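**Q** Got a structure for you, questions after.
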Amino acid sequence: MANREPAGSGRAACILAGGRSTRMGRDKAFLPIGGRPAIERLIERFGAAFPELFLSIRDPKPFRHLGVPLVVDPLPDGGPLAGLVACLEAARAPVVLAVAVDLPLAPPAFGVKLAAEVIRRNVEALLPRAGGRLHPLFAAYARAAGPKLSARLAAGERSVVRAAATLRHAVVGADFFAVDEPTLLRAFTNVNTPEDYAAARTVWEIGDLP
């Protein structure tokens, strides 16, 4: 079970698992990756790198057996922005890495680097760009940015990209992670459809990960 850190120390990770998985047809959190549910893989990998770990969820019942602190989304229709806000409010660490459950191949080392860079650059958010698009659901956020994001959520905003744009933020690419663009794109393989899932399993099975 992940431990809570003393206030003000270290880094936290928040696995966002509150989506409805409409396009997939079943809960993405429990899709097998390498013979184990994706959520268990993420907990194991990110729990080893982040001393404080949360799951952001809509319904706690399917996740209670995992032994990880659960943060229930405060707004049923708030989407991942609501989950991110809830985790920033719950965290003790000064920086929180958001990790969408549909990014089962994302490397913890990339998250550690993002979290450290938020502090080094003194920004409120650090977002990767890959394939010409931002990835706000594998990004690091200063805990202090929580009230700003909460205000955007209360104002009706649901886009994490637009909400993050109101923060003091920076964007990084493949060079920041010391990999090429194809490698970064594989790491950010997004599992939304059965076809995406098949692609992610192939990448995992051949071990073609940074």
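We did not get these values from a lab; they are worked out from the coordinates using the rules stated. Everything numeric in this text was worked out from a predicted model, so none of it was measured. Cβ atoms come from the backbone with ideal geometry, glycine included; neighbour counts cover every protein chain shown.
**Q** Determine which lysines satisfy two conditions relative to residue 28: a Cα distance under 24 Å, and not lying fewer than 8 residues away in the same chain.
**A** Answer for residue 28, where 24 Å is the Cα cut-off: 61, listed by chain and number.
**Q** Using a 10 Å cut-off around each Cβ, can you sort 56, 150 from fewest to most neighbouring Cβ atoms? The partial results should precede the final answer.
**A** Working: 56 26, 150 19.
In order of increasing Cβ crowding within 10 Å: 150, 56.
**Q** Next up: How big is the antiparallel share of DSSP beta bridges in the chain, given as a percent to the nearest 5?
**A** On the way: 11 of 28 bridges.
Here the antiparallel bridges make up roughly 40 percent for the chain.
**Q** So, one more: Report the net charge of residues surrounding residue 159, where surrounding means a beta-carbon distance below 15 angstrom and charges are Lys +1, Arg +1, Asp -1, Glu -1. Don't skip to the answer; put the middle values down first.
**A** Numbers: positive: 133, 148, 152, 158, 162; negative: 77, 157.
The answer is +3.
**Q** Can you sort 57, 15, 119 so the residue with the fewest Cβ neighbours within 10 Å comes first? Each step should come with its number before you reach the end.
**A** Working: 57 25, 15 30, 119 14.
Fewest to most other Cβ atoms nearby, the residues stand as 119, 57, 15.
**Q** Please go through segment 102-136 and write out the trypsin sites (Lys or Arg not before Pro) that DSSP classes as loop and that have at most 13 other C-beta atoms within 10 Å.
**A** Values: sites: 113, 120, 121, 129, 133; in loops: none.
For trypsin sites (Lys or Arg not before Pro) across segment 102-136 that sit outside H, G, I, E and B with at most 13 neighbouring Cβ atoms in 10 Å, the list is empty.
**Q** Further question: Spin-label point model (7 Å from Cα, Cβ direction): what's the residue 157 to residue 199 distance in nm?
**A** That separation, rounded to one decimal, is 2.9 nm.
**Q** What aspartates and glutamates does residue 113 reach when the alpha-carbon gap must be under 14 Å and sequence neighbours fewer than 8 apart in one chain are set aside?
**A** The reachable aspartates and glutamates, counting only those whose Cα sits under 14 Å from residue 113, are 175.
**Q** For the chain, set up a GNM with springs between Cα atoms under 10 Å and report which of 152, 36, 11 has the largest fluctuation.
**A** Between 152, 36, 11, it is 36 that shows the largest mean-square fluctuation.
**Q** Summing +1 for each Lys or Arg and -1 for each Asp or Glu, what net charge is found among the other residues whose Cβ lies under 15 Å from the Cβ of residue 117?
**A** In short, +4.
**Q** If you don't mind, there's one more thing I want to ask. Could you compute Rg(Cα) / (2.2 N^0.38 Å) for the chain, with N its residue count? Present the calculation step by step, with values, prior to reporting the outcome.
**A** On the way: Rg = 15.7 Å, N = 210, 2.2 N^0.38 = 16.8 Å.
Rg over 2.2 N^0.38 Å, computed on Cα atoms: 0.93.
**Q** Treat the count of other C-beta atoms within 10 Å as a stand-in for reagent exposure and order 72, 191 from fewest to most. Present the calculation step by step, with values, prior to reporting the outcome.
**A** Working: 72 15, 191 25.
Ranking 72, 191 by Cβ neighbours within 10 Å, fewest first, gives 72, 191.
**Q** Would you calculate a helix-derived [θ] at 222 nm for the chain, using -39,500 (n - 2.57) for each DSSP H run of n ≥ 4 and dividing by the full residue count, to the nearest 500?
**A** Values: 7 runs with 73 residues, N = 210.
Result for the chain: -10500 deg cm²/dmol, rounded to the nearest 500.
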